[in-house]
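Please read the structure below before turning to the comments.
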Amino acid sequence: MKGRANHIGPLSAPEAASVSETPGVAASLRLHWPEYLMEAGEMSLYMLCTCSFATLLQYPASPVRHFFVSGIVRRALMGLGIGGTVIALIMSPWGKQSGGHINPAMTFAFHRLGKIAPWDALFYGVAQFSGATSGVALATFLLRGAPGDGAVRYAVTAPGVYGAAVAFAAELAISFILMITVLLATNHERLARYTPYFVGSLYAVNITFETPLSGMSMNPARTFGPAVYGGYWHTLWIYFIAPTVGMLAAAAVFLRARHGAPPHCAKLDHANNKRCIFRHDP
């Protein structure tokens, strides 16, 4: 049932690729450009919402900031907003077709698991970084520069008071938890349908409680977008390396626990009628 639902229509043959097939750059662009644009659009919307929520909760002229004076309450509201956004993006028509990664570290982990072809992984990454940058630009334009205020700083992610080492360890841990949750949920028949809610809940909890340690990124593109506009480059390496290593470690643990059996697919919401460009086991 799941396989039939994701390989329908005239484009089904090229997308239902076996593990041994590796389309070239031209074929990947010609066949899969809609998914690349969808992933860019999802990432752009994610950053637009992130900057908008951050401005609403942190901008000095915002009445919300003065109404909710507690830092943890504001982080909880931010978590609810971003968690809901992530759920909506994964379950949107775009997310159902592209897979709803909105995260190059997750895409690379799925590539290492053999679910994403090399060129698809590369173009997904380009789309995600481009989408993150354009999302921050759009938020800055629509909010008339308010995200650039010193209290908002384009929703930048930066190490907390405990320094870079703690921030790195925290990013490593929460990225591992996110990826292992995705892999376990999407490959469990009864839990697969709840994957978007698990992911959104993790975002909400991490933003509420982990933000003081690392700023809560789990996503190289999410950190890159604000860094482009705010010039926050000095700790960018943390948010490129730690999430990627954490998700690769989760993939390795998942494979070991399943005695080498790979996951079924790289989609976070697979039970739908949208085409699937990812590799599946026979």
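Kindly state, to the nearest 0.05, the FRET efficiency for Ser201 paired with Arg112, given R0 = 22 Å and r defined as their beta-carbon distance. Calculated value: 0.30.
Scanning the chain for DSSP H helices at least 24 Å long along the axis (C-alpha atoms) with a Kyte-Doolittle mean no lower than -1.0 picks out 25-58, 71-91, 118-142, 164-186, 236-257. Spin-label model, Phe209 to His234: label points 7 Å out along the Cα-to-beta-carbon direction sit 3.1 nm apart. Using the Cβ of Ala249 as centre and a radius below 13 Å, the other residues enclosed give a net charge of +1, where K and R count +1 and D and E count -1. Compared with the rule-of-thumb size 2.2 N^0.38 Å for a compact globular protein, the range 131-262 has a Cα radius of gyration ratio of 1.16. Taking the inverse of the mean reciprocal distance over all distinct Cα pairs, the Kirkwood hydrodynamic radius of the range 195-273 comes to 14.8 Å. Seen through its C-alpha gyration tensor, with square-root eigenvalues sorted a ≥ b ≥ c, the range 226-265 comes out prolate because a/c lies at 1.5 or above while a/b is bigger than b/c. On the beta carbon distance between Glu189 and Ala249, with R0 = 25 Å, the FRET formula returns roughly 0.50.
For the chain, the solvent-accessible area works out to 44 Å² per residue, with a probe of 1.4 Å and every protein chain left in place. Consider a paramagnetic label point 7 Å from the Cα of Val25 along Cα→Cβ; state which residues of the range 94-128 have an amide N under 18 Å from it. Within reach of a label on Val25, which here means backbone N under 18 Å from a point 7 Å along Cα→Cβ, the range 94-128 contributes 117-128. Taking Cα centre as origin and charging only the Cβ of basic (Lys, Arg, +1) and acidic (Asp, Glu, -1) residues, the dipole magnitude of the chain rounds to 360 debye. Summing Lys and Arg as +1 and Asp and Glu as -1 over all other residues whose Cβ lies under 15 Å from the Cβ of Tyr59 gives a net charge of +3.
Stokes-Einstein, applied to the Kirkwood radius of the chain over Cα pairs at a viscosity of 0.692 mPa s and 37 °C, places its translational diffusion at 173 µm² s⁻¹.
The values are calculated or read from the model by the stated rules, or taken from the named source; none is laboratory data. Please read these numbers as outputs of a predicted model, since none were measured by experiment. Backbone-built Cβ (ideal geometry, glycine too); neighbour counts: all protein chains shown. Surface areas here come from the heavy atoms of the whole protein model, side chains and all, with no ligands, DNA or RNA. Shrake-Rupley method; radii C 1.70, N 1.55, O 1.52, S 1.80 Å.
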